[in-house]
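Inspection log for the structure reproduced underneath, given as structure tokens.
Bear in mind that the values in this text are calculations on the coordinates, not laboratory data. Please read these numbers as outputs of a predicted model, since none were measured by experiment. Neighbour counts run over all protein chains shown; Cβ positions are idealised from the backbone, glycine included.
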Amino acid sequence: MAELTTDVEEQIKEIVCEILEIEPDEVTRTSSFKEDHDADSLRSIEILASLERTFRITIDQAELARMGNLEGVYAVVDEGLAARRA
């Protein structure tokens, strides 16, 4: 698994914040989208779809369970980018 660059992490964070309608300083790597930011499942799907479009990767909807915070989203995107390069 390759490490995401700071620029890619920032781009992911911007996407998440835009969809959740929160300021970037309100979200941490481990804050829960559902518990801390009142995200519902529709917003999670929006995040997934936006990440797929932005990074031209495919993310299985089963990965939504792992995408509950930025750490999880970073890991899923990292794996998607690695798979695309393979």
Summed over the other residues with a beta carbon less than 15 angstrom from that of Val8, with K and R at +1 and D and E at -1, the charge totals -3
Answer with a single label: of (i) 1.06; (ii) 0.99; (iii) 3.01, which was calculated as Cα Rg over 2.2 N^0.38 Å from the structure in view?
(ii)
Counting other Cβ atoms within 10 Å of each Cβ, which trypsin sites (Lys or Arg not before Pro) in region 1-68 have at most 14 and sit in a DSSP loop?
Arg29, Arg56
Calculated FRET efficiency for the pair Asp60/Thr30, C-beta based, R₀ 30 Å, to 0.05
0.85
Tilt relative to the chain, helix 70-85 - C-alpha long axis, 0 to 90 degrees, to 10:
20 degrees
With a Förster radius of 25 Å, plug the Cβ-Cβ distance of Ile45 and Arg84 into 1/(1 + (r/R0)^6) and report the FRET value to the nearest 0.05.
0.75
Enter the angle in degrees (range 0 to 90, nearest 10) between the Cα long axis of helix 41-55 and the first principal axis of the Cα atoms of the chain, meaning the one along which they spread out most.
40 degrees
What is the set of long-range amide H partners of Ile22 at a cut-off below 5 Å, with H atoms built 1.01 Å from backbone N?
none
